[in-house]
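Following: one structure in structure tokens, then a few remarks.
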Amino acid sequence: MEEQILQQLPPLTDATPKELARAIFDVLDAKKARSIKVLHVKDQTVITDYFVICSGNSSTQVKSLAGEVEYKIGLRGVVPDHFEGRDNNGWIVLDYAHVIVHVFSHESRDFYQLEKLYGDAEVVPFEQTED
């Protein structure tokens, strides 16, 4: 049934970077990712337009969150150009060119502090659903 719902969603092949970031945010939110932030980093770096950053509560959830994004966004016609950290418990990166997804453990997120490094980036105000 879930795949039928996804198949009814519009393909993301012609989506803007912000639309893709929103779709990724929605997948992570539905999968109960913690502290999801979307940063518009286009003025801070040449590598991408948006970072989607989130945390998982365990190494299993970190892997599950990244796998869910790859799977569900793939069903809508977009696959990552690169997937880094598949065997890493603390930080997994999915590179969709204009959107880069960072899935962290809480410890790795605190250590690397991407939000602080890109502190002057605009935070895109997508709302998480309440538990």
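Taken together, the values in this text are just the output of simple stated rules run on the coordinates, not laboratory data. What you see is a predicted model; the values in this text were computed from it and never measured. For neighbour counting, all protein chains shown are included, and Cβ atoms are generated from backbone atoms with ideal geometry for every residue, glycine included.
Tabulated data for the structure shown
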read-out: Evaluated over region 87-131, the Cα radius of gyration and Dmax, each in Å; value: 12.3, 31
read-out: Of Lys42/Lys116; Lys32/Lys116; Lys42/Lys63; Lys32/Lys72; Lys72/Lys116; Lys32/Lys63, those spanning more than 18 Å from alpha-carbon to alpha-carbon; value: Lys32/Lys116; Lys42/Lys63; Lys72/Lys116
read-out: 25 °C / 0.890 mPa s Stokes-Einstein diffusion coefficient of the chain, Kirkwood radius on C-alpha pairs, µm²/s; value: 167
read-out: Percentage relative contact order, the chain, counting C-alpha pairs under 8 Å, at least six apart; value: 28
read-out: Contour excess over end-to-end distance, with Cα ends at Gln128 and Ser58 and 0.36 nm allotted per residue; value: 23.2 nm
read-out: Dipole magnitude (debye, nearest 20) for the chain, charges at Cβ of Lys, Arg, Asp, Glu; value: 140
read-out: Helical contribution to [θ] at 222 nm, DSSP H n ≥ 4, -39,500 (n - 2.57), averaged over the chain, rounded to 500; value: -11000 deg cm²/dmol
